[in-house]
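The values are calculated or read from the model by the stated rules, or taken from the named source; none is laboratory data. Bear in mind that the values here come from a model prediction, so they are computed numbers and not experimental data. All Cβ positions, glycine included, derive from the backbone under ideal geometry; neighbour counts span all protein chains shown. Ligands, DNA and RNA are stripped out before the accessible areas are found, and what is left, the full protein with its side chains, is counted by its heavy atoms. Shrake-Rupley method; radii C 1.70, N 1.55, O 1.52, S 1.80 Å.
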Amino acid sequence: MTVKRTVSPPAAQQPDQGFLSVPVLPPRGVREGFGSPARQRARRAPALSLLVMDATAALTAVPTLPHPLLAAPLLLAVLWLNARAALYRPAAVPAVLDELPAVCARIAVSWCAVAALVAALSPAHALSARTLLTCCAVQTAASCAGRGVVHWRRRRELLRSPAAALVVGPAATAQRVAAAFLRHPGCGLRPVGVLADDMTGGAGLPVLSTDEEVRRAVVQNGVRAMLLVGPAGEHGPLVRELSEAGCALWEVDTHVPSYEEAGHPVDDLSTEPAARRRGPRERIAGFSCRRLDTGRHPVGSAKRVVDVLVSGVLLLLAAPVLLACAVVLRVSEGPGVIFRQERVGKDGLPFTLLKFRSHRPADAHEAATRWSVVDERDMSRFCRFLRRSSLDELPQLWNVFRGDMSLVGPRPERPYFVATFSQAHPGYAARHRMPTGITGLAQVNGLRGDTSIEDRARFDNAYIDDWSPWQDVCILLRTAAALLRPTGS
C-alpha cells in the first residue's frame, strides 16, 4: 500500500554510511539497546513545587513593604539566589533542616538589598532594623514550612517506590554495599543486581557479567541508577551507555578512613573523560556518595526559573492574541484549532508539542514522517500568515510553562527524524543534553525549515557547550528582531 504525499528528508540529509551512530530515541514501539523505559517512568524533580513555595513565602511579606511594586525585586532576588545555590535541585534524601542555613542567608541578603533600594529611593519609608528582622523571620518560617511539605512528600514517594539500581565494582564490595542500601529503603535506591567482572561475591544479589544479562535487568526492573563502588573495568563502555540512556551515576566511597587518612574516593572509570563533572557529596545509607555527570550539560535551575516567570507573563500578555487566532481558525478551518504532535525533548524523552493548526496532514504517517510543508499552496491565507509570522508557535509557551521545553534551546524534532538524523550525523543525538526550546542559536543563524541538519547540530552543540544566561538573552533579542522580518519555518 502506498501512502500519499509522504516525503523523505532532503537528499543532503540522508544517512551517511561513512558514520556510525546510535539513535537517541528509536521509533515508538521499537526499543533497541537499553532504550530507556526507566526514563519514561522517571518522575520529575520537585523543583517547580519548591519554586512555588519560595515565591509564596516571599509574597507573605508584601504588606510590610512601602510599595507593592517592591515585591518584584524581592521575589526575583530570592529565586535567583536560591537557584544559584542549587536549592531547586534537592538532595537524594531531602531534609529541610539541611537547607535552613542556605535559605535563611539568601532571604536575609534579599531583604537587605530591598531595604537599601527603599532607603535610596524614598528615605522617609526606610525599613527599620526591627521590621527587617521580622520580615526575614516570617519569610524564612513560611519558606521552610513549604519546603518541609515538599520534602516530606518526596521522602514518602522514595520509601514507597525507590529507584532500581545496579551496583558496579568488585563483587564482594558490591554485595556489601547492596545489602546496606537494602537495609535502608528510605534512601530511595533499591539495588537489584551487581555488575562485576568476578563471580566471587558470595550470596546476595545476582551478579551480571554479560551485556544481555544487564539489558534484561535494566528492562525488567526499570533501572534508573548505577552505584559505582570501584573501577568499572571492562564494563566502562556499558556504564557510559547506561548513563546516556538516563541512568543516574553515583560514586560511593566504601573506604573506612583511619587516623592518618581522610578517605579515598573510588578510582575513575578507565573509559571516562578526564573532565568528568562531579556534584557535592551526600550521605546515602551512611555512605559518602557523589552524583556524577558524564554526558549532560549542567544547566542551572536559574534557567528553569526564568522559563516559568517569562512564559507565565507572556501567556498572560498574549492571551488576547491566542484567543483571536483560535477564533479565526475555528471559524475558517473548522474544529481542531490546536495541533498536537509528538516531539523528542531532553534526554530523548517524548512530549506533546502544541501549535496552532496551519495544515492538515493526509494521515498520521504523513504527520510523523513528512519533513516540511512551508511551500504548500493549499493553505488558507490566514494559515500562511500564521506560519510566516511564527504566531502558530505561541501555544508552545504552555509547553515551556509546563516544563516540556525551554524558551531557548535546540528545536525539538519528531522521533522518526531524530532516529534518522542521529544515524546520519554523530553530533545530532548530543543535542538532547539540554531541554529543547522555542528558539535557539541555530534558528537565529538562519537554520530553519529545509536547511542543513549537520549545521543545525553543530550550532546546537556549540550553544550547549558555551551556555550562559547572557547567551540566552542575546538569542531572545535576536529572535525578537527576526520576527520583524518573518520568513516562516
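Laid out as a table, the results:
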quantity: Which listed residue, of 432, 425, is over 22 Å from residue 306 (Cβ atoms) and either touching a residue at least 40 places away in the same chain (Cβ under 8 Å) or aromatic (Phe, Trp, Tyr) (or both); calculated: 425
quantity: Test: residue in region 106-121 that is modelled with pLDDT under 85, out of contact with any strand residue (DSSP E or B) (no Cβ under 6 Å at 6 or more places or on another chain), among the hydrophobic types (A, V, I, L, M, F, W, C) and part of a loop (DSSP other than H, G, I, E, B); calculated: no
quantity: Residue in region 460-480 that is least open to solvent (accessible area, probe 1.4 Å), counting only those that are more than 20 Å from the chain's Cα centre (by Cα) and touching a residue at least 12 places away in the same chain (Cβ under 8 Å); calculated: 479
quantity: The listed residue being closer than 19 Å to residue 48 by Cα and exposed (fewer than 13 other Cβ atoms within 10 Å of the Cβ), out of 156, 106; calculated: 156
quantity: Which numbered condition residue 71 fails, given (1) at pLDDT 75 or above; (2) closer than 30 Å to residue 285 by Cα; calculated: (2)
quantity: Test set (1) at pLDDT 55 or above; (2) under 30 Å from residue 225 (Cβ atoms) - residue 314 fails condition number; calculated: (2)
quantity: Answer residue from region 304-332, given it is crowded, with 18+ Cβ neighbours inside 10 Å and of a type in the set (D, E, K, R) and is farthest from residue 476 (Cα to Cα) among those; calculated: 304
quantity: Sole exception among (1) more than 21 Å from residue 315 (Cβ to Cβ); (2) crowded, with 17+ Cβ neighbours inside 10 Å; (3) touching a residue at least 40 places away in the same chain (Cβ under 8 Å) for residue 457, by number; calculated: (3)
quantity: Any pair with Cβ under 8 angstrom, 6 or more apart, that starts in region 59-72 at a residue that is loosely packed, with under 10 Cβ neighbours inside 10 Å and ends at one that is among the polar types (S, T, N, Q); calculated: none
quantity: Any hit, region 464-477, residues being in contact with a Lys or Arg (Cβ under 8 Å, 6 or more places away or on another chain) and under 26 Å from residue 382 (Cβ atoms); calculated: no
quantity: Of residues in region 78-105 being small (Gly, Ala, Ser) and more than 23 Å from the chain's Cα centre (by Cα), the one nearest to residue 292 (Cα to Cα); calculated: 102
quantity: Hey, residue 176 open to solvent by 70 Å² or more (accessible area, probe 1.4 Å), in contact with a Gly (Cβ under 8 Å, 6 or more places away or on another chain), in a helix (DSSP H, G or I) and among the charged types (D, E, K, R) or not; calculated: no
quantity: Which numbered condition residue 275 fails, given (1) exposed (fewer than 12 other Cβ atoms within 10 Å of the Cβ); (2) modelled with pLDDT of 70 or more; calculated: (2)
